[in-house]
1. Under a 1.4 Å probe, what is the accessible area of the chain per residue, stated in Å²?
2. Of all the accessible heavy-atom surface of the stretch 1-115, with the other protein chains kept in place and a 1.4 Å probe, what percent is carbon and sulfur?
3. Return the distance in nm (one decimal) between the two label points of a simple spin-label model at Thr45 and Val14, each offset 7 Å from Cα along Cα→Cβ.
4. Looking at the P(r) of the chain, how many percent of alpha-carbon pairs lie beyond 24 Å?
5. Would you mind getting me the FRET efficiency between Glu114 and Thr74? Use the beta-carbon distance for r and R0 = 35 Å, nearest 0.05.
6. Could you tell me which trypsin sites (Lys or Arg not before Pro) in the stretch 4-94 are loop residues by DSSP with no more than 14 other beta carbons within 10 angstrom of their beta carbon?
7. Using 0.36 nm per residue of separation minus the Cα-Cα distance, give me the extension gain between Gln56 and Asp7 in nm, one decimal.
8. Starting from the Kirkwood radius over alpha-carbon pairs of the stretch 33-87, derive D by Stokes-Einstein at 37 °C in a medium of 0.692 mPa s and give it in µm² s⁻¹.
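The values are calculated or read from the model by the stated rules, or taken from the named source; none is laboratory data. This is a predicted model, so every value here is computed, not measured. Cβ placement follows ideal geometry from the backbone for every residue including glycine, while neighbour counts extend to all protein chains displayed. The area values use the complete protein model at the heavy-atom level, side chains included, leaving out ligands, DNA and RNA. Shrake-Rupley method; radii C 1.70, N 1.55, O 1.52, S 1.80 Å.
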Amino acid sequence: MNKYASDIKAIRDVDPSKVILTCHDEYLLASMVQGVDGALVGFATFIPGLINDLLQAVKVGDLKRAMKIQDVITPLKDAVYGAGEPTGEAHARMKMGMYLAGVLESPTVRPPTEPPGEDDMTALRAAVANAGLLKR
């Protein structure tokens, strides 16, 4: 985050009109409070409303509201990404989460990617339900 903050400052110092977007699905709140203008994250296909709500709370300086929204996003992020970076398995989990939330009609993934296992399904279903998004 220190490098990220210094890079944003360097860009703003040279040309404050440049639009800066975070691409950190796993660090949304932390990257947004650095002063970005928006987000370009794959995770937004799953929870666009929550990510927009988070950005709006940060933009108006309502950190308490932003933290509450992040508290809803974090279990979803953990259920999709686990402890690592986006992978085929993470994409399969996100697709299943989108299916559970009614965003997609089918959670089917193409080989060699495998659908989420039982433990992943339990975590996904709980996170989607916790966010008030469970439709299936």
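1. In whole numbers, the chain has 58 Å² accessible per residue.
2. Carbon and sulfur together cover 58 percent of it.
3. That separation, rounded to one decimal, is 3.1 nm.
4. Summing the P(r) of the chain above 24 Å gives 34 percent of all pairs.
5. It comes to 0.90.
6. Within the stretch 4-94, the qualifying trypsin sites (Lys or Arg not before Pro) (loop, at most 14 other Cβ atoms within 10 Å) are Lys18.
7. Working it through step by step, the gained length comes to 15.4 nm.
8. 278 µm²/s
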